[in-house]
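Report on one structure; see the data block that follows.
What follows is calculated from the coordinates using simple rules that are stated; it is not laboratory data. Since the structure is predicted, the reported quantities are computational estimates derived from the model, not experimental observations. No Cβ is skipped: glycine too gets one built from the backbone with ideal geometry, and neighbour counts run over all protein chains shown.
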Amino acid sequence: VETLAARDDLSLTRGDALAVVVDVVFADDQNRTITTWAPARSRGGPAAEKRGAPHIVSLNLELHGMIFDVSKSLVEDAATCVKRRLSAEKRNGIKDDAALRRVVGDIVDIAVQRFVGTDNTFCYGGNGVCWTSSLLRKLRASGKLDDDDAGGLNAAKKGFFGPVWDEATSPASQTAVLDDYLGSLAPTCVFFARIFSMPLSSLHFEELGPLWFLLRERQSPSTASSTSGVSIGLVVAFHACLLSLVAVNSQKDRNCRRVMTTCKLYFQDLLRQSNRDLCELETLVTAFGHDEVNLENAKRNLEVNRMWIEAVDHSFKLDWAGQGAEFQELARKGRDEALLLNPYVAGQLALTACLANLECALTVIDTVGQARLVLHCYSGLESIGVIDKEDDERAELLELLASVLGGDQASKSANKAKRVIWFSGNRPKGNFLKAWYEAVGMAADKKKNRKLSGLEPEDVSPAFDRAVVGDFAGEELTEGETRRGWCSLERALGAIRRAFDEEDRLLNVNLAAVAVHFLKAVEELPTDLGLRADLDKELRQNTHERLVGHAARRAAAHNVVTDCLLGLGSGAEYFGQGPLLLNLEGAKRRMVGKEKQSFDAAVARARGKGDSDDVRQAKRDALKDKATTFLDRVSLRPADYRLLTPGFLHPSSSSSSSKRK
């Protein structure tokens, strides 16, 4: 205020100078803020003083080249506030706005020190975002961030913008020395954005790949940026690219090179398994005919996912054949530095592929009820002890799926996941056939079948629930966070990190491979268990009048397999506990009075209440043989369903604490 009042070119009184400062700092030319701020300051309240900090920082960034919203200039608004306070004579004497902008700049320089502090490294330090913004605006003005009409790569030669970055010989210690790297990174990302940012909702780019989402939005005709600025989103995204490079390349063992190797291997492995799974599923769909509509839809989901993985993997190998040797070398180096050596970019690609692959695979895992059949049979046999999940390695995958898909994980959505696989909400300990029929839609107390619900990724994957859905409801919030209704960024990132490190058990499981294997296993189980005659009889009885072709055969196969492994005659129900609420014809209804007593007596006889120990032991041994046959058919070797998981998605796998940071 004293400085402004002493300036002859403005001729402001101290009262007017104070009004100008308030107008600029708080964007408040109506004196609304000062009436609450001044008394609070006199009482020593620092909170009210900090109200101006967000606005003054935004003003400060715009003065140094960062234009967030090209349709509105904070500096111009502040200059208008200054001009409004001047006398008519002084106002008419101003020929241009440069003088007013200088006045605003003087106020902002002092205010930033007051509100933000002199150590304003985020804006102006060696890792300052202002330098990133400045170079991006130059690239924008020179057309380097525009799409090439011929679809080519619009990048400058190495060394054009400054010293060349090289992890082995000259690793960067701050973003200020990465001008040349950014000059190549930004145009290269613009080029590949057309490939990566496919308009597929299952990829969740807005949450998992914000850089590609922002570039896609920038290329949209309705949201394209003006030539006079670069959006704040792109500035922050590209600055994050530089910060990630500085954080990783300063560590030992050339970790950017390790990120590149891991990312390439990850996508190669994903593409290999996706091609294999899709080929096997297409074979099954062809064999089954067009009766299984759900399988057709599941195949399309896998095709979409494979298409994106293939596009990314192809981009890693793009060599610009037919171009000059000098251009090819430049383009390949820029491609590797932008897509593979940058941890932020590689991480977004791997994260998107990881969770999108999980979501697409979940649409296949139980397409025609194959997962429910396998898991119910496994759970019933394990419950009565004929399968030992502790000692039998074949049960490892089945126990994992029964726990995770059954909702045993601690999450707010676990109850929904439970009721998809286990209708009662918990693994059945008896009445196994009743539990099975309820799980596939039959109601014990209703004549009409229930509508089935599917598995959603947020219900079974904590990583998806937090990273994509943004659900942090289970986190313990501080008093301030509870009052605001949202958790801090640090807490949110910590929750996502824990989900990837410790909680999510599905990330390295190829559910698509498991789904296809279960489909084939269910087809072969009637033969393996010696149930072909029973299957033919079931088909002749035509208990599924509304089903035709393979759909009817599948339903019949499910019936005979579950009856064999879980039924009263010699299956798990023979050794089960409690009353059975399933009548002898297979349709379910509750019983009362004498009818129920009569049925309970029949159940007791069927469970062998009068059988000798030798008979019961013989039936148990026979069921163990069936359980062994079942496990042999449905189990998978870890090599057939395990996915390679990038180390940078699981930091805890590293022994170095610095790598985790």
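Observations on the structure shown:
- Per-pair calculated FRET efficiency, R0 = 60 Å: Arg498 and Lys537 via Cβ, rounded to 0.05: 0.70
- Above-threshold pairs, the threshold being 23 Å between Cα atoms, out of Lys389/Lys626; Lys429/Lys626; Lys429/Lys619; Lys264/Lys520: Lys264/Lys520
- The 3J(HN,Hα) values that the Karplus relation (6.51, -1.76, 1.60; θ = phi - 60°) gives for segment 327-337 are, in residue order, 5, 4, 5, 4, 5, 5, 5, x, 4, 5, 5 Hz. Gly and Pro appear as x.
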